[in-house]
Amino acid sequence: MSDPVRLSKVMSQRGLCSRREADDLIERGLVKVGGVIVSQLGTRIDPDAEIEIVGRARKELADKVTILVNKPIGYVSSQPEDGYKAAVELILTVNKDPLETRALDPKHMRGLATAGRLDIDSQGLLVFTQDGVVAKTLIGENSEIEKEYIVRVEGLLSRENLALLNRGGMIIEGRTLRPAKVEWINEDQLRFVLKEGMKRQIRKMCEACGLRVAGLKRVRIGKVVLGKLPEGHWRFLREDESF
């Protein structure tokens, strides 16, 4: 028999919900293990035990939304700062994607949090979610989700530096960067594909190679693409989409 593991950890590992959401459900008596309600936080169970989330809690989890925003330059990803607005303020009915058929409800804004940064000088795909599993997938410690950016640059990039950007090992602020995928798509634009998210990472990578970033746009996170979502608009993540 395997060593007992915290119930909330097992629920998170199985993708049932995040650990924080699991703790909330456990405290509310909405989780059964082997057919028995467990309401004590910190309870340890056999990692192979049968876990059931009680009916109304299943609906709560199913009703959680994820919203995609095409963030313009000048908006911050999370908390407002220095007079700038937060991108979440764009999530209004008036800014809904013309192709989005679902209505925005006040409940969709409760607990909505950014899952990954996009700095104030950058634009493109930004994710907000109520779903702890989605948040863990995108920004969890072991996340392997790709993020793709189109970057307009000024300056000269040698073959050696292009190779350096791709193979990893570049050290920025004491951190050794992982390998990336970097390629030219035209004479002044590069495509970057990263699996990490150090603050202003692409700008710092380019600066280290003698380039200046003149424009940066995130166009994909995992399998979800920005597509034709208009700038400053938003839409819900569709049921047929996943990261």
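What shape does segment 147-221 have by the C-alpha gyration tensor, where a ≥ b ≥ c are the square roots of the eigenvalues, rounded means a/c under 1.5, and otherwise prolate means a/b greater than b/c and oblate the rest? Here segment 147-221 falls in the rounded category. Cross-link list 59/136; 107/195; 96/223; 85/107; 64/199; 64/204: which exceed 25 angstrom alpha carbon to alpha carbon? 107/195; 64/199; 64/204, as the Cα separations exceed 25 Å there.
Across 231, 154, 141, mean-square fluctuation computed from a Gaussian network of the chain (C-alpha pairs under 10 Å connected) peaks at 141.
A P(r) calculated from all alpha carbon pairs of segment 2-107, with 10 Å bins opening at zero, reads 13, 33, 20, 22, 12, 1 percent. Considering only 46, 23, 97, the Gaussian network model of the chain with Cα springs below 10 Å gives its largest mean-square fluctuation to 46.
If you run the Gaussian network model on the chain, springs between alpha carbon atoms under 10 Å, then out of 18, 39, 78 the most flexible one is 39. Ordering 14, 159 by the number of other Cβ atoms within 10 Å of each residue's own Cβ, fewest first, gives 159, 14. Loop-resident trypsin sites (Lys or Arg not before Pro) (DSSP state other than H, G, I, E or B) in segment 161-243 with no more than 11 further Cβ atoms inside 10 Å of their Cβ: 199, 223, 228. When its C-alpha radius of gyration is set against 2.2 N^0.38 Å (N residues), segment 91-203 gives a value of 1.30. Once you have a ≥ b ≥ c as the square roots of the Cα gyration tensor eigenvalues for segment 5-62, tell me rounded if a/c is under 1.5, and otherwise prolate or oblate according to whether a/b is larger than b/c. Rounded, since a/c falls under 1.5. For segment 44-93 versus segment 100-144, the spacing of their alpha-carbon centroids is 5 Å. Once the Kirkwood radius over Cα pairs is known for segment 56-131, the Stokes-Einstein relation at 10 °C and 1.306 mPa s delivers a diffusion coefficient of 120 µm²/s. Applying the Karplus relation 6.51 cos²θ - 1.76 cosθ + 1.60 with θ = phi - 60° to segment 45-51 yields 3J(HN,Hα) values of 9, 5, x, 9, 5, 6, 10 Hz, where x marks Gly and Pro. Close amide H pairs (under 5 Å, H built 1.01 Å from N) link residue 216 with 123, 152, residues at least 5 positions away or on another chain.
Counting beta carbons within 10 Å around each of 170, 109, 11 and listing the fewest first gives the order 109, 170, 11. With volume of the Cα convex hull per residue in Å³ in mind, check (1) 164; (2) 122; (3) 143 and report the label derived from this structure. Correct label, based on the coordinates given: (1). Rounded to whole Å, the principal axis extents of the Cα atoms in segment 120-166 read 43, 24, 13, largest first.
In plain terms, the residue of 234, 184 with the fewest other Cβ atoms within 10 Å comes first and the most crowded comes last, giving 184, 234.
Values in this text are rule-based calculations from the coordinates and carry no lab data. Only a predicted model underlies this, so the values are computations on that prediction, with no experimental measurement involved. Using ideal geometry, Cβ is built from the backbone for each residue, glycine included, and neighbour counts are taken over all protein chains shown.
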